[in-house]
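Below is one structure, written out as structure tokens; comments come after it.
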Amino acid sequence: MKFMVIVKASAASEAGVMPSTQLLTDMGKFNDELVKAGVLLSAEGLHPSSRGARIRFKDQQRTVIDGPFAETKELIAGYWLIEVSSKEEAIEWMKRAPNPHDGVDSEIEIRQVFSEADFGEAFTPELRAQEQEQMRAMREQRAR
């Protein structure tokens, strides 16, 4: 099972305050543990929402909204993508993570990523083949 672990933003991360050397060191050690256990697929920090944009969909209309965005508690500062056997295992791993916001109360959210089986019959053999081809093409492009 794949899980996205979402690091919620803080006032400091939204202000562009970079993590301390100690936090980077602690995160590096934790990420090393995830790598050695074979569960880490990806992990990245994100720039503040002031450098981002949102696209609002209404019927066929698309509206671009430039950041920053008001509600810090609803924003994402970074993520891990892990593959483990259960939500309980994901929780156990993340309980060991360093606090992602240098001594400030913070929160992470754990969400399971959909698998092919979750879509049932709506995910036709043709759609499966299309997705497999997309994944192959992405791997090939990254290898260049």
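Nothing in this text is a laboratory measurement; each read-out follows from the coordinates by a stated rule. Just so it is clear, the model here is predicted, and its values are computed rather than measured. Neighbour counts run over all protein chains shown; Cβ positions are idealised from the backbone, glycine included.
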Review point. Which ones in the range 59-100 are acidic (D, E) and either under 27 Å from K29 (Cβ atoms) or touching a helix residue (DSSP H, G or I) at 6+ places or on another chain (Cβ under 6 Å) (or both)?
Key: E83, E88, E89, E92
Practice item. Looking only at the range 118-134, decide whether some residue is over 27 Å from V17 (Cα atoms) and in contact (Cβ under 8 Å) with a residue 60 or more places away in the chain. Key: no
**Study point:** Sole exception among (1) within 30 Å of A15 (Cβ to Cβ); (2) aromatic (F, W, Y); (3) surrounded by fewer than 16 Cβ atoms within 10 Å (Cβ to Cβ) for W80, by number
**Key:** (3)
Check your understanding: Could we say that G28 is out of contact with any Phe, Trp or Tyr (no Cβ under 9 Å at 6 or more places or on another chain), more than 17 Å from S106 (Cβ to Cβ), small (G, A, S) and loosely packed, with under 13 Cβ neighbours inside 10 Å here?
Key -> yes
Review point. Across the range 113-134, which residue is farthest from A90 (Cα to Cα) among those that are exposed (fewer than 10 other Cβ atoms within 10 Å of the Cβ) and of a type in the set (A, V, I, L, M)?
Key: A122
Point to revise | Subset of the range 18-74 (residues that are farther than 26 Å from P98 by Cα and assigned to a strand (DSSP E or B)) | key: A53, R54, I55, R56, F57, K58, Q61, R62, T63, V64, I65, D66
